[in-house]
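The values are calculated or read from the model by the stated rules, or taken from the named source; none is laboratory data. Quick caveat, the model's predicted, so the values are computed rather than measured. No Cβ is skipped: glycine too gets one built from the backbone with ideal geometry, and neighbour counts run over all protein chains shown. Protein only, heavy atoms only, side chains kept; ligands, DNA and RNA dropped before computing areas. Shrake-Rupley method; radii C 1.70, N 1.55, O 1.52, S 1.80 Å.
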Amino acid sequence: QVQVVESGGDLVQPGGSLRLSCAASGSISRIETMGWYRQGPGKERELVASVTSDGSTNYADSVKGRFTISRDNAKNTVYLQMNSLKPEDTAVYYCHVDGVRRISYQRFELWGQGTLVTVSS
């Protein structure tokens, strides 16, 4: 069994900062890509940022220069540091993890439950 748990969503004022965390746990042999997606009101889910096992990162154009994704491989945890937040960043943020299970070596792909980020004065 593998699970991912997110934390860090909150209400923040425009221009403020917030850090999201997502930890994967369970029978994990290795984790490949970890990423953050978001779904705003009335919008489709979109990729915010992702990081591969070798540290390569990818960002949506709308967050480049403001958000930073990082991961701690020893803790199977990914972070999203969000600075200069704007009202349009308001969304439910979902963690996505893909990797390989221990023992069976089957691939897995999991989504977190989502954490709400609200940017408003």
Could you say which residue among 50, 62 is part of a strand (DSSP E or B) and either out of contact with any helix residue (DSSP H, G or I) (no Cβ under 7 Å at 6 or more places or on another chain) or within 16 Å of residue 100 (Cβ to Cβ) (or both)?
50
Unmet requirement for residue 85, which otherwise passes all of (1) under 21 Å from residue 16 (Cβ atoms); (2) open to solvent by 50 Å² or more (accessible area, probe 1.4 Å); (3) not in a strand (DSSP E or B)
(2)
Residues of the stretch 64-121 being of a type in the set (D, E, K, R) and in contact (Cβ under 8 Å) with a residue 24 or more places away in the chain, which ones?
71, 75, 86, 88, 89, 98, 101, 102
For the stretch 2-37 the number of residues that are on the phi > 0 side of the Ramachandran plot and more than 17 Å from the chain's Cα centre (by Cα) is 2
For the stretch 88-101, name all the residues that are assigned to a strand (DSSP E or B) and either open to solvent by 10 Å² or more (accessible area, probe 1.4 Å) or touching a Lys or Arg at 6+ places or on another chain (Cβ under 9 Å) (or both).
91, 92, 93, 94, 96, 98, 99, 100, 101
Checked pairs for the stretch 14-36, first among the polar types (S, T, N, Q), second part of a loop (DSSP other than H, G, I, E, B) and open to solvent by less than 40 Å² (accessible area, probe 1.4 Å), C-beta under 6 Å and 6 or more apart or across chains, list as 21/8
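Considering only the stretch 38-72, state which residues are within 13 Å of residue 94 (Cα to Cα) and either more than 15 Å from the chain's Cα centre (by Cα) or open to solvent by 60 Å² or more (accessible area, probe 1.4 Å) (or both).
39, 44, 45, 46
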